[in-house]
Every structure is written in C-alpha cells, then in structure tokens.
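First comes the structure, then the notes that go with it.
No lab work stands behind these numbers, since they all come straight from the coordinates. Since the structure is predicted, the reported quantities are computational estimates derived from the model, not experimental observations. Cβ sites come from the backbone with ideal geometry, for glycine too, and all protein chains shown count toward neighbours.
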Amino acid sequence: MNAVSHFQHSREALAKEALLLARVARRESDFEMALWTAGRSLVVPSSMARKPRFESAASASAAGGWPVVLRPSGGGVVPQGPGILNLAIVSVADGKECQDPVAYFQVLTDLIASAVTRTGAVSVGPVNGSFCDGKFNVAVDGRKLAGTAQRWTIRNARSHEYAVLAHATILCAADIPASCAAVEYFCGELGEPIPLDPDAHINLQEVLSNDTDAFAHCAGIFRAHLLGGNYAVCKRGLESQTAKSQSFLCDSGGRAALKRAVAETEGFEPSIPR
C-alpha cells in the first residue's frame, strides 16, 4: 500500500477495512494497512439504527449533504470528508500475552504523535467539547487531533489468536466548523443533542510549517514506521506496550477492569479477548 485511497462514500472505505480484517482472520495475511479519505458523511455505530428517530435524523442529515453510514463498532458520531485522513492497521493478537487492547491504542497514538513536530505539545486523553470523545484521543495543546477505534475478531480459538483492526481518524486539513455543525444537527434530529466546540479540535496543518502538506507528511511517516519493517515493526511495538501492562492483566479482576475502561473509548467492538 503506497498511497492514500480516495473513496466517494465512506461505506466503500469501511467495506475495504472489513476485507482486510477478513484476510487476516482467514490467515491469508498477518498484516494489512490502509490509508484513506472519503466524501462527506457521518459514520455512526450500528446500534444507533435502533433509535426511534434514527431514520428521520439520517434522512435530514443526508438532505443537508452529510449521509449517515453505519459502522460495526461502538462510540459516537464521526465526521468524514476532505481533509480527514484515516489509518487502518490489521494485525494478529497471538497468544494471551498480546491480547491487551490498550497496547493497540497506544501503538496508534504513538504513531500519530510522531507526526507532530512540536515537542511536548502532544497528549492522549479525552477532550471536552470534541466529537466522539474518548480516552485515546490524540490532542495537541489540549485540542483533539485524532480519535482511535478497534475491532477484534477470532482468528483461531484454540490458539487464542485474534485479528485486530486498529483505526485512527486524523484531522489534517478538515473543515472543522462544518463537521461539528453536521454532528450537532444529526444528534439534535436524533433527539440526543450534543454541544460541540470547534475550537476543541485542531488540524495537523496548523501544527506543521506552511510549506508542509499535512496529508503527505502523515502518510509518509505512517508508511515509514509500518511498511519499512511491515508486520515486525507493529509486532515489536505491541510487545513493548503489552509488557507494560502484564501485571494488570494477570488476573480476572484486571481483565474485567480493562474491559470496562476500553468499552468507554470511542470505537471498541465488544468482543474482548479473554
């Protein structure tokens, strides 16, 4: 994968991610990666489709130029559109020692942090007033730059192997006010209004020098880190992150606490490994 893929519709991009996850789950590959952008849309958890006002809210949003697309994970409403870059990494959680969801979040947040050139400006955590807020946002000067999500599926139950899709949505040169307004409008029509603050978000382009293209900068760093050593690079990062939390995961109480913590983040499918 040597370029950013551009999709007209987010559903096409999500279908591509599902295919990559299926390849790893079927043992056809141990590592897959995709970088993509899509046309304007709002990507929401499939559970929202059960809400009484979902159909009317989705129709109203689509009429305003923001079609609504369902995704198979939890969390909140995520805008897509020009200026928003998505990174998807699919790898293998093999054996109980590598089944720490937090480690996969940390690999993503470390990668994104490496794209920010101002030392000391990056943090990880919730950002009040941001869309799809979660514990594993990447923020610059307290403003949300990126959000993260995961999806797990069984690869081999006997050997405790899972295929893991780790996803990040990064604001590179997005129309942040329009994106926030679209999320607010949809949620209002849904009957669940949520106040958002455009100033709680930041584009990577604001952090970089004027002559640096945020998309090319970000994509280049991700490819260098991940494709240079391919699966091995991702694997080493996961082993390093996992080692930090082994004592926490060694008993059922720790695993239960981890499940609760990760379930509160913005996109974790509830198939947590045991």
With a cap of 15 neighbouring Cβ atoms within 10 Å, and only residues DSSP puts in a loop, list the trypsin sites (Lys or Arg not before Pro) found in segment 118-177. R118, K135, R158
Summing +1 for each Lys or Arg and -1 for each Asp or Glu, what net charge is found among the other residues whose Cβ lies under 14 Å from the Cβ of R27? -1
Rg and Dmax of segment 1-151 over Cα atoms: what are they, in angstrom? 16.3, 48
Using a 10 Å cut-off around each Cβ, can you sort Y104, Y185 from fewest to most neighbouring Cβ atoms? Y185, Y104
Just want the ordering: D30, D141, D211, from fewest to most Cβ atoms lying within 10 Å of their own Cβ. D211, D141, D30
Simple spin-label estimate for D199 and S5 in nanometres, 7 Å along Cα-Cβ: 3.9
Grab the beta carbon distance between A121 and R223, set R0 = 25 Å, and tell me the FRET efficiency rounded to 0.05. 0.60
Once you charge only the Cβ atoms, +1 for Lys and Arg and -1 for Asp and Glu, what is the size of the charge dipole of segment 71-157 about its Cα centre, to the nearest 20 debye? 200
Estimate the FRET efficiency between R158 and T212 by the formula 1/(1 + (r/R0)^6), using the beta-carbon distance for r and 35 Å for R0, to the nearest 0.05. 0.15
Which residues among segment 67-85 fall inside the zone where the amide N is under 17 Å from a point 7 Å beyond the Cα of E12, along Cα→Cβ? 67-70, 80-85
Along Cα→Cβ, 7 Å out, is where each label goes; now give me the distance between the ones at S114 and S59 in nm to one decimal. 4.8
